[in-house]
Structures are given as structure tokens and as C-alpha cells.
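Visitor: My structure is below; once you've seen it, I'll send some questions.
The values are calculated or read from the model by the stated rules, or taken from the named source; none is laboratory data. This one's a predicted model, so the numbers in the text were calculated from it and none came from an experiment. Virtual Cβ from ideal backbone geometry, glycine too; neighbours counted across all protein chains shown. Protein only, heavy atoms only, side chains kept; ligands, DNA and RNA dropped before computing areas. Shrake-Rupley method; radii C 1.70, N 1.55, O 1.52, S 1.80 Å.
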Amino acid sequence: MRIAIIGGGIAGALLALRLRQASRRVEPVVYTGSSADASGASGGLTRAFESDPEACRTAAESLAELRASATLRDWAGFREIGSLYLLPAGADPAGPVAVVDEVLPGSAVVLDREGLRRAYPFRDLPAGALGVAERHAGHIHPDRLRAAALRDPGISVRRTPVLAVTPKAEVRLPDGSTLGHDAVVVAAGAWTARLLARSGLPADGLRTKQIQYTVCAADIRGLGAFVDEPTGFYGRPAEPGTFLLGLPGDRWGIDPDAVTPDADLTRRTVAHARDTFGVPVEPIRTVASFDCYHDPAGLRLRPVAAGAPVFTFTGGSGGAAKTILATSRIAAAALLA
């Protein structure tokens, strides 16, 4: 069974690896193209807790598998530094926390405002603030994990772009050739909608967005990876004496081939960090990239058209690193069902 996977980012690479692990009768053919992808720019935050229970389960199962495998930890460069997820006042994290405790017993604990103030260096927290602290969370290097997966000898890697796909699971290449497969999965991230449109296929629910973070010189002690859901503010320790920090941007519908840093977003991120932690924060470098968003959100296998063996595997919305191990396994099983 030959399955074409268009896109050699972390989603395409892990899907190919899962297919090989599921059946040696499958030959994944990964078309990587010539464009960059978001894997190399990802902050790589990995945690189990998500406020959505479905996303929480895939994140928790991914983190549990990562921690259980020395090979995966080495491939991904996993570093366990803990994490904190700040929730809005009035939120009820009981359901997702129960999922985390089922998969990773003892990793997560809920803290109220006073508990957060005692344990973490936030200068001010709103009344009623809640946080979920995770002992076993941390971060990975998605680009390293992607590269390691593609080294599997059963995966064919073709470093050529794909011009179009057909409902018959064919891919058309720049040299004019058309190659048939049993199924095609478009896992091209921010280029997915463009390729589908060029192929005359629907791209419903897919949108591109710029993602960006800034590595800053900052002495923020006692804090690992974190996400503040009410503001979207996030970060993690980077090199010694530095922190990777980011806020959501508003550049939708971007051309992934023409992304440039948003200077205003960098300024707002630095100012927000200074206000949040009350320490000097100075920008060192800004990394601007892109990703594919889907409504409803989430990285999963989606059929492109009824009855056609053509699918998308994208829509991770900048957070695929947390769930990729579980979602790639689920997607591979669905393809082979």
C-alpha cells in the first residue's frame, strides 16, 4: 500500500513513521518540497493539560509516550522542566485534570490565586485566578524529532514539490509526471489550503496565521513552561539567562513564503513580560513563522471530499508538538482501517 504524504514537517514525518510501525506492508512516500516549514521555528511546549477534554487526552497520551521511550526522548531532545497553565476566573479544570491524572498519575495539581502567588513569580494575578501545574511537562525540539522520524529506512523521501493532487490519489510533479498512490495525505501546514485550491479541491475550514515569539534576556526564576489562557501569553526558559516569550498575533491569511517579523507584536510581548514579572526584559531575537489553523481546531486526519482517498492532516494551530505522538497514531490507524 503506497500512501503519499505531502509535507515533511513534524505532522507528515510522524504520520509516515506511524504508518510504518502499524504495518510493514505500507510504503509511505513523503514529498518534502523545497519550502521551509514551522517545525524548526516551534517553541516545542509539551504538556498534558488542555482546557478541552479531547485535546487534553491526546496531549496527555503524547507526553506519556514521550516519557516512556528513551528513543523518543533522545530524538526530540525532551527536557522536563514542568509547566503552568493559567485559567480564567470561574473556570472548572476538574474534567481535564482527571484525564491527566489517569494518564500521568500525580503530575498535575490545581492551584488557587494564593498558591500561584507563593509558587510562581507573577507580579499580579486577578481575583479568582486558577492554575494547573504539571510536574512532568517541558519542551521538545520538533525539528529534531521530524528529522529522526524521516530516517526510518521504510520511508521514501522525495525532495520535490507537488503541483497538484487529484481525487484519484495522484500527485502531479513539476517534471510533468503524475504518480498514483492508494491514498494521499496533505500535511503541508500553511501551504495545505493553497495546494488544495490549485488542485480544484475544497479547503474548508483551513486558514493561515503568522506565529511569532521573541527570545529575551530575562531573569525569571522559578518558572518553567507556561501559558496564560486569558491573554494568550506563553513562554519557557531558553538558553541560560533567557526566556522564549510570545503573545498571539493578528496576521491572518498570510503568505507563508513572505513572513516577516511583526515589530509591534515584539514590543507588546516585551512590555507584557515586564508588567507580568516586574523584571528587566530585553529582546534578543524574534522568530516569525506560520501555521495552519482549522475550525474546529485540532490536528487530525480529515477527508477532503466524500469518497476520495485524499485527506488533510493539519490544523494544529501552532500547538502540534503537544499532541503529535497520539494524533499521528490515530491518523495512521484511520488510514489503514
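Visitor: Only bridges whose two residues both fall in the chain count here: according to DSSP, what percent of them are antiparallel, nearest 5?
Guide: Beta bridges within the chain, antiparallel portion: roughly 70 percent.
Visitor: Compute the angle between helix 10-22 and the longest alpha-carbon principal axis of the chain, please, reported from 0 to 90 degrees and rounded to the nearest 10.
Guide: The answer is roughly 60 degrees.
Visitor: Probe 1.4 Å, all protein chains in place: accessible area of E102 in Å², nearest 10?
Guide: Roll a 1.4 Å probe over it and E102 shows about 120 Å².
Visitor: What do you get for the angle between helix 53-68 and the principal long axis of the chain? Use alpha-carbon atoms, 0 to 90 degrees, nearest ten.
Guide: With rounding to tens, the tilt is 90 degrees.
Visitor: Sticking with this structure for a sec: Quick one: which of 324-332, 120-128, 69-77 comes out on top by average Cβ neighbours within 10 Å, and what's the full order, highest first?
Guide: Ranked from most to least packed, the peptides come out as 324-332, 69-77, 120-128.
Visitor: Once both axes come from the Cα atoms, what is the angle between helix 94-103 and the longest principal axis of the chain, in degrees from 0 to 90, rounded to 10?
Guide: On a 0 to 90 degree scale, this one is about 70.
Visitor: Here's another thing I want to ask about it. Give me the extension gain from A217 to D182: residue separation times 0.36 nm, minus the current Cα-Cα distance, reported in nm with one decimal.
Guide: Taking A217 through D182 to full extension adds about 7.5 nm, to one decimal.
Visitor: May I ask you to derive the relative contact order of the chain, considering only C-alpha pairs under 8 Å and at least 6 residues apart, and to give it as an integer percent?
Guide: Relative contact order, the chain: 24 percent.
Visitor: How many angstrom separate the Cα center of region 282-308 from the Cα center of region 219-252?
Guide: 20 Å
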